[in-house]
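Novice: Before I ask anything, here is the structure I am working with.
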Amino acid sequence: MNTVHNHFMKRTLHVRKSVPDGVVLCELGRVPLQLYWQKMLLKYVSRISELPSDRLVKKAFNHASSVNTLWWQKLSLWLSQHRFEGVLAEGTFSMVNAEQHLRDKWYHGICQSSATKVSFFMDNMFFDSNVMASYLRDIRPSAPLFSLIKFTLGAHSLRVETDRWLRPKPPREQRVCRHCSMQAVEDEQHFLFDCPFYSIIRGQHFSLIGPNYQQRDIRLFFEQNSHQLGFVAHHIHLCFQARMSDESLLAPHPRL
Ligand SMILES: [Zn+2]
């Protein structure tokens, strides 16, 4: 079920399967399906524990606890792992707090991730875990929007990303831009701010893509309202198109 959920979200955003699930969920302001199941479980247990003790279901529940059945063992282990033992004590459990706790724990795990793509996204492109990124709602579905999504989620074709698929995998410093002579790694920073190949497009959009452009800081650059990000999307789309047409004129990649 989770696989189908993740696949659906990636298809909707037009990004490849290799984009980390956590990155897609964060951008859409969603949480993994397990959290919904866990919430339902907590609600169910909470409701039973609050029933009068003469109710049959409460008696069955207490019986399972007293004889320590297998499902009871698994349930109490899970509750103690997440510090939810309070759900079994009448009137002491807050569903709202529990839900927030589950969400925080999942989000904390993503923030602590050592995966390069996840940490780059969290450090540079991500702003709020509780809501869908506003540009996804405000920019109408179009090629520029999907170019922006690809850039944001690391589903682009810059060498810093695509060379990861080569075997043996070249170190980051060898994934050099083939569209200029700077001998710099073709990463998001180089593509957006430095590569002279895009300087004409950059010049054409300079007044539109915002004052943050001069700071040459990716996070600052993406910290703009949806209206401004619409221009950014257009700019990135044109750069991707120029890159693609230049790529077709270049000799094949030496490692491919
Ligand atoms: Zn370059």
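Novice: For residues that are assigned to a helix (DSSP H, G or I) and of a type in the set (Val, Ile, Thr), scanning just the range 78-109, find the one that is surrounded by the fewest Cβ atoms within 10 Å (Cβ to Cβ).
Specialist: VAL96
Novice: Specify the residue that is surrounded by the fewest Cβ atoms within 10 Å (Cβ to Cβ); the eligible residues are those in the range 196-238 that are within 16 Å of the ligand (Cβ to nearest atom) and either of a type in the set (Phe, Trp, Tyr) or not in a helix (DSSP H, G or I) (or both).
Specialist: Top of the filtered list is ARG216.
Novice: What are the residues in the range 31-44 that are free of Cβ contacts under 8 Å to residues at least 60 places away in the same chain and not polar (S, T, N, Q), if any?
Specialist: LEU33, TYR36, TRP37, MET40, LEU41, LEU42, LYS43, TYR44
Novice: Applying the selection to the range 162-189, what residues are in contact (Cβ under 8 Å) with a residue 24 or more places away in the chain, away from the ligand (no atom under 11 Å from the Cβ) and acidic (Asp, Glu)?
Specialist: ASP163, GLU188 - these are the residues of the range 162-189 that are in contact (Cβ under 8 Å) with a residue 24 or more places away in the chain, away from the ligand (no atom under 11 Å from the Cβ) and acidic (Asp, Glu).
Novice: Looking at the range 83-92, which of the residues that are under 17 Å from ASN62 (Cβ atoms) and not small (Gly, Ala, Ser) is modelled with the lowest pLDDT?
Specialist: Filtering the range 83-92 for residues that are under 17 Å from ASN62 (Cβ atoms) and not small (Gly, Ala, Ser), the one modelled with the lowest pLDDT comes out as GLU90.
Novice: Which residue, of SER147, SER157, is of a type in the set (Gly, Ala, Ser) and crowded, with 18+ Cβ neighbours inside 10 Å?
Specialist: Being of a type in the set (Gly, Ala, Ser) and crowded, with 18+ Cβ neighbours inside 10 Å holds for just one of SER147, SER157, which is SER147.
Novice: Could we say that VAL23 is in contact with a Gly (Cβ under 8 Å, 6 or more places away or on another chain) and in contact (Cβ under 8 Å) with a residue 12 or more places away in the chain here?
Specialist: When the stated conditions are applied, VAL23 passes them.
Novice: If you go through the range 140-159 one residue at a time, do you hit one that is polar (S, T, N, Q), within 16 Å of the ligand (Cβ to nearest atom) and at pLDDT 90 or above?
Specialist: yes
The values are calculated or read from the model by the stated rules, or taken from the named source; none is laboratory data. Just so we're clear, the structure is a prediction, and the values are computed from it rather than from any experiment. Using ideal geometry, Cβ is built from the backbone for each residue, glycine included, and neighbour counts are taken over all protein chains shown.
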